[in-house]
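Novice: Handing you this structure, nothing more for now.
The values are calculated or read from the model by the stated rules, or taken from the named source; none is laboratory data. Owing to the predicted nature of the structure, the values given are computational and were not obtained by experimental measurement. Heads up, the Cβs are rebuilt from the backbone with ideal geometry, glycines too, and the neighbour counts pull from every protein chain shown. For the accessible areas, the whole protein counts, side chains as well, though only heavy atoms, and no ligand, DNA or RNA atoms are used. Shrake-Rupley method; radii C 1.70, N 1.55, O 1.52, S 1.80 Å.
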Amino acid sequence: MPEIILLAIESSCDDTSAAVCVDGKVISNLTANQKVHEQYGGVVPEMASREHTKNIVPVVVEAMKQANVTAKDLKAVAFTRGPGLMGSLLVGGMFAKSYAQALNIPLIDVHHMHAHVLAHFIDEPKPNFPFLCLTVSGGHTQIVLVKDYLEMEVIGTTIDDAAGEAFDKTAKMLQLPYPGGPLIDKYAQTGNPKRFSFSEPQIDGLDFSFSGLKTNVLYFLQKESKLNPSFIQENLNDICASVQQTIISILMKKLLKASQETGINDIAIAGGVSANSGLRNTLSEFGKKNNWNVYIPQFQYCTDNAGMIAISAYYKYLRNEFCTLDIPIKARLEF
């Protein structure tokens, strides 16, 4: 039986990534990061799209080279349709459409957040259906009930800001360089998470809220800095540890509630924030305490990457779920 060889493109934000998947196994997964945004303290959409145009061809060429495949070996091309930055999505999407059309092979569109969930099927161990997946990133915070590879339901989501945004905005308040989320994790490892207390929202059901926490942290830092201009520098580790612990506490309480309500004990995390060591450790502890089967992805599959697009496309390929060349690319795309 001929091999199913797929090329996947991910360009939803500021990482240009390409991967090659052979019969459901990710053979290569390359990502080009963009350093240009560091001086601005965040991603500049116009700059991001321009950098994608520079990076996409070299990244694709290298990904195929490392996988030892050529264009004539490909059975389909996959790409991130959305959600994400429109300019960035267009670069990856138009490249994928053009490549598929030139080779006269099928095109597969992939939902970015579906792909984060399905990253768990790249390597062993793989979760059993149904399972719950906490997807946490800069733009999303969701609890997803995963019934099948292509059947998922969001049972909890943020009503305002995402957990990743809470990390990033706190980092800005602390005057940490971009990207600040990983730095909060770094400093938190040597800090006291019980040193400072921050508010946790009282939201019914399985939904999240982080806007109040951000405001609480802002007012706290303003107040303490007026009394002591060096407060942040002198207490950086403890502040990071306390904020991080609060965010993790909010996430885990809802995840525990979801597990209790659904009776599901197979629990996974995904998305950029799933690379946070505090969250990974806490989830492992919760797993032991509550008899959960916990699934935590490799670091390379937590952040935006084409490997997760490739594995998602593989399962769509098996079901002949292809798209047409005129399918619209969307910055906002329903789950």
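Novice: Tell me which residues, restricted to the stretch 255-291, are small (Gly, Ala, Ser) and not in a helix (DSSP H, G or I).
Specialist: Our first condition is that a residue be small (Gly, Ala, Ser); within the stretch 255-291, this holds for 258-259, 263, 268, 270-272, 274-275, 277-278, 284, 287.
Correct list: Gly263, Ala268, Ala270, Gly271.
Novice: For the stretch 106-133, give me the residue count where each residue is in a loop (DSSP other than H, G, I, E, B) and surrounded by 18 or more Cβ atoms within 10 Å (Cβ to Cβ). Spell out the reasoning first.
Specialist: From the stretch 106-133, those in a loop (DSSP other than H, G, I, E, B) are 106, 122-130; that's our starting set.
Filter again for surrounded by 18 or more Cβ atoms within 10 Å (Cβ to Cβ), leaving 106, 122, 127.
Number satisfying all stated conditions: 3.
Novice: Next up: How many residues are farther than 21 Å from Tyr314 by Cα, open to solvent by 50 Å² or more (accessible area, probe 1.4 Å) and touching a Leu at 6+ places or on another chain (Cβ under 8 Å) when one looks only at the stretch 30-75?
Specialist: Summing the residues that are farther than 21 Å from Tyr314 by Cα, open to solvent by 50 Å² or more (accessible area, probe 1.4 Å) and touching a Leu at 6+ places or on another chain (Cβ under 8 Å) in the stretch 30-75 gives 1.
Novice: How many residues does the stretch 2-29 contain that are part of a loop (DSSP other than H, G, I, E, B) and either exposed (fewer than 15 other Cβ atoms within 10 Å of the Cβ) or β-branched (Val, Ile, Thr) (or both)? Before the answer, list the steps.
Specialist: Going through the stretch 2-29, the residues part of a loop (DSSP other than H, G, I, E, B) turn out to be 2-4, 11-15, 23-24.
Filter again for either exposed (fewer than 15 other Cβ atoms within 10 Å of the Cβ) or β-branched (Val, Ile, Thr) (or both), leaving 2-4, 23.
Counting residues in the stretch 2-29 that are part of a loop (DSSP other than H, G, I, E, B) and either exposed (fewer than 15 other Cβ atoms within 10 Å of the Cβ) or β-branched (Val, Ile, Thr) (or both) gives 4.
Novice: Would you check if Gly84 is within 30 Å of Leu176 (Cα to Cα), open to solvent by 10 Å² or more (accessible area, probe 1.4 Å) and touching a Ser or Thr at 6+ places or on another chain (Cβ under 7 Å)?
Specialist: Working: within 30 Å of Leu176 (Cα to Cα): yes; open to solvent by 10 Å² or more (accessible area, probe 1.4 Å): yes; touching a Ser or Thr at 6+ places or on another chain (Cβ under 7 Å): yes.
So Gly84 passes the test.
Novice: So, in the stretch 285-328, how many residues would count as being aliphatic (A, V, I, L, M) and surrounded by fewer than 22 Cβ atoms within 10 Å (Cβ to Cβ)?
Specialist: Of the residues in the stretch 285-328, the ones aliphatic (A, V, I, L, M) are 294, 296, 306, 308-311, 313, 318, 325, 327.
Now restrict to residues that are surrounded by fewer than 22 Cβ atoms within 10 Å (Cβ to Cβ): 294, 296, 318, 325, 327.
Residues meeting the conditions: 5.
Novice: Kindly indicate whether any position in the stretch 288-311 is under 25 Å from Phe196 (Cβ atoms) and of a type in the set (A, V, I, L, M).
Specialist: Checked the stretch 288-311: no residue is under 25 Å from Phe196 (Cβ atoms) and of a type in the set (A, V, I, L, M).
Novice: Name the helices (runs of 4 or more DSSP H) wholly within the stretch 134-231 that hold at least 1 residues that are open to solvent by 40 Å² or more (accessible area, probe 1.4 Å) and either under 22 Å from Ser259 (Cβ atoms) or in contact with a Gly (Cβ under 9 Å, 6 or more places away or on another chain) (or both)? Explain how you work it out, then say what you get.
Specialist: On the way: elements: 163-173, 181-188, 211-227.
Correct list: 163-173.
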